[in-house]
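Before any comments, here is the structure.
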Amino acid sequence: MILSDPEWQAVLLSLKVSGIAVLGSLPFGILMAWILVRCRFPGKALLDSLIHLPLVLPPVVVGYLLLVSLGRRGIIGAKLFDWFGFSFAFSWRGAALASAVIAFPLMVRAIRLALEAVDSRLEQAARTLGAGRWRVFFTITLPLTLPGVIAGTVLAFARSLGEFGATITFVSNIPGETRTLPLAMFTLIETPGAEGAAARLCVIAIVLALGSLLASEWLARASRKRMGS
């Protein structure tokens, strides 16, 4: 399959945006999952709902909220630009942020389900033997949760690859800067005579998504096998 330079550009940009989105949100995903499973506090149900809100909101709404808050003239974005000269709007960084927000609930949910399956008595036993909270987390909790972390990471990556609505609303459709794979397909579909190029990108999108899901399953099985389960 031969791709043109703009098509390769869209594919590589999608991989870059999705990778950064997942790596940047992974620590927060683990933290939020741990808080939801291990902590009790007023407003926990509200926090859970807010984390999962992007799953049920139209992506365009998420993109609009990002625009009015982190855009060049947004509530937070204006200060970021005035103080640091930094802006998410109309850049690949904004595309990564939009993808991270949309995919975050999937990541948290997968990690949370794995964390709920960890017997808390193992953690308590380690604490009674003198292990600190951080040591218990990194030597017991995190290794036992690893299959869920892997599954959540890969699912979030696959979801980021397919993100469209929030991205085009927040950072527009700029060739070489924010035109990811879904946006490139949208552009080609709207272009007369470009059906063949759109079909090629469709095949690549399917292959990448399927590969991500297969990799997630393989890594999760390998992790469980290593831990002897």
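The values are calculated or read from the model by the stated rules, or taken from the named source; none is laboratory data. Not measured: the values here are computed from a predicted model. Here Cβ is always computed from backbone atoms with ideal geometry, including for glycine, and neighbour counts include all displayed protein chains. Note: areas computed on protein heavy atoms with side chains; ligands, DNA, RNA excluded. Shrake-Rupley method; radii C 1.70, N 1.55, O 1.52, S 1.80 Å.
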*If r is the Cβ-Cβ distance from L210 to I35 and R0 is 30 Å, what FRET efficiency results, to the nearest 0.05?*
0.35
*Proximal charge balance of P59 [Cβ under 15 Å; K/R count +1, D/E count -1]*: 0
*asked:* Can you tell me, using C-alpha contacts under 8 Å and at least 6 residues apart, the relative contact order of the chain as a whole percent?
replied: 29 percent
*Sorted peptide list for 67-79, 121-133, criterion being average Cβ within 10 angstrom, highest first*: 67-79, 121-133
*asked:* Principal axis extents for the stretch 1-111, Cα atoms only, whole Å, descending order, please.
replied: 52, 41, 25
*Percent carbon-and-sulfur accessible area, the stretch 137-229, ignoring ligands, DNA and RNA, probe 1.4 Å*: 69 percent
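Between beta-carbons, use under 14 Å as the cut-off and find the net charge around R127, counting Lys and Arg +1, Asp and Glu -1.
+2
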*Ranked highest first by the average count of other Cβ atoms within 10 Å around their residues, in what order do 30-43, 162-175 fall?*
162-175, 30-43
*All-pairs alpha carbon distance profile, the chain, 5 Å steps from 0, percent*: 1, 7, 12, 15, 16, 14, 12, 9, 6, 4, 2, 1, 0, 0
*Once a ≥ b ≥ c are taken as the square roots of the eigenvalues of the Cα gyration tensor of the stretch 171-229, is the result rounded (a/c under 1.5), prolate (a/b larger than b/c) or oblate (a/b not larger than b/c)?*
prolate
*What's the local net charge at V22, with K and R +1, D and E -1, over the other residues with C-beta under 13 Å away?*
+1
*Per residue accessible area in Å² of the stretch 153-194, where ligands, DNA and RNA are left out and the probe is 1.4 Å*: 39 Å²
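Per the helix-only calculation at 222 nm, which mean residue ellipticity applies to the chain, given -39500 (n - 2.57) for every DSSP H run of n ≥ 4 and division by its residues, nearest 500 deg cm²/dmol?
When only DSSP H runs of four or more count, the value is -25000 deg cm²/dmol.
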